[in-house]
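This report refers to the structure that appears directly beneath it.
Rule-based calculations on the coordinates, nothing more; no lab input. Just so it is clear, the model here is predicted, and its values are computed rather than measured. Please note: Cβ atoms are built from the backbone with ideal geometry, for glycine as well, and neighbour counts cover all protein chains shown.
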Amino acid sequence: MSTPTAAPQQPQKRRQQLVQAYKMARQTDRTLGLWIAAAFLVFFALGFLLGNLTGIGPIWLIPVITGLILGILGALLVFGRRAQRAAFGQMEGQRGASVAALSMLRRGWKVNQQPVAFTKQQDMVFRVVGPPGVVLVGEGHGARLRQLLATEKRNTQRVLAETPVHEVILGDGEGEVPLPKLLKHVQKLGRQVKPAEMTDVLNRLKALDAQRGIMPVPKGPMPTSMKGQRGNLRGR
């Protein structure tokens, strides 16, 4: 049974998350406050005009309420988009940036927070499982990374012969996917694995990881997981 203080804590926690996301985004987007204010005013004006067209209730009350609702929604929408862009800007070029971005995926996805394969030269492969099947995301350069991806794909297909395995290379080169576009790219890979099949897929991958034993994590800092802030950064 929840305690009496549980309900008040939820809005307070939500406010703290919003403030934290705002401070983080403000570090790289100095005009964030102006964009939020402008969005509020534009959507408020739109809501006020729509409210006047209804002709319901007191002549001032409905337009003001409609304007406030649309103004807040518009401000949150712009805040979410620009905060997400700022977050990607902060992660760009950091080791492990792909897994930090993939942590913002919605329910129905399973993201490995640690690389499933890597080299001494800091080439890494991260794994995410979702509706498209298994997606292997590589960070690094040149033939080493492509060979690492190919090897991991073969290992995965050994235990998941009928499950699609996709390869994605993070970067700005030809055939690579830039960090800001990574989420959309992964989500557009299709729906080829049903939710009922996910448990079997994850169990088979767990068995594969167990065969490899404990892999030492490569040295160096990695971006902090943004899982707790993903709701704020999706543009909601």
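Close amide-amide hydrogen proximity is noted between Ala117 and Val125, each under 5 Å apart and 5 or more residues distant or on a separate chain (H modeled in the peptide plane; Pro and chain starts excluded). Sorted fewest first by neighbouring Cβ atoms within 10 angstrom, Leu145, Leu32 come out as Leu32, Leu145. Along region 124-133 the Karplus relation, 6.51 cos²θ - 1.76 cosθ + 1.60 evaluated at θ = phi - 60°, assigns HN-Hα couplings of 9, 10, 9, 10, 10, 10, x, x, x, x Hz to successive residues, with x for each Gly and Pro.
Taking the Cβ of each residue in Val165, Val42, Val19 as the centre, tally the other Cβ atoms inside 10 Å and list the residues starting with the fewest. If you can, show how the numbers build up before the last one.
Values: Val165 19, Val42 15, Val19 11.
The most exposed by this proxy come first: Val19, Val42, Val165.
For the pair Ala161 and Val19 in one chain, pulling the backbone fully straight at 0.36 nm per residue adds 46.5 nm over the alpha carbon distance.
Among Lys120/Lys181; Lys153/Lys181; Lys23/Lys188; Lys110/Lys188; Lys23/Lys120; Lys110/Lys181, which pairs are too far apart, with a Cα-Cα distance over 24 Å?
The pairs that break the limit, which is 24 Å between Cα atoms, are Lys120/Lys181; Lys23/Lys188; Lys23/Lys120.
Return the sequence-ordered ³J(HN,Hα) values of region 35-45 in whole Hz as given by the Karplus equation 6.51 cos²θ - 1.76 cosθ + 1.60 applied to θ = phi - 60°, using x for Gly and Pro. Using θ = phi - 60°, the values come out as 5, 5, 5, 5, 5, 4, 5, 5, 6, 5, 4 Hz. The shape of region 97-220 can be summarised by an equivalent ellipsoid whose semi-axes, obtained from the alpha carbon gyration tensor, come to 21, 18, 13 Å from longest to shortest. Counting 0.36 nm for each residue step from Arg107 to Glu174 and taking away their Cα separation leaves a gain of 21.1 nm. Shape analysis of region 61-118 places it in the oblate category; the axes a ≥ b ≥ c from the Cα gyration tensor give an a/c of at least 1.5, with a/b not above b/c. Each peptide among 169-175, 102-108, 69-75 gets the average number of other Cβ atoms lying within 10 Å of its residues, and from highest to lowest they stand as 69-75, 102-108, 169-175. Region 56-170 gives an Rg/Rh value of 1.25, both radii derived from C-alpha positions and Rh following Kirkwood.
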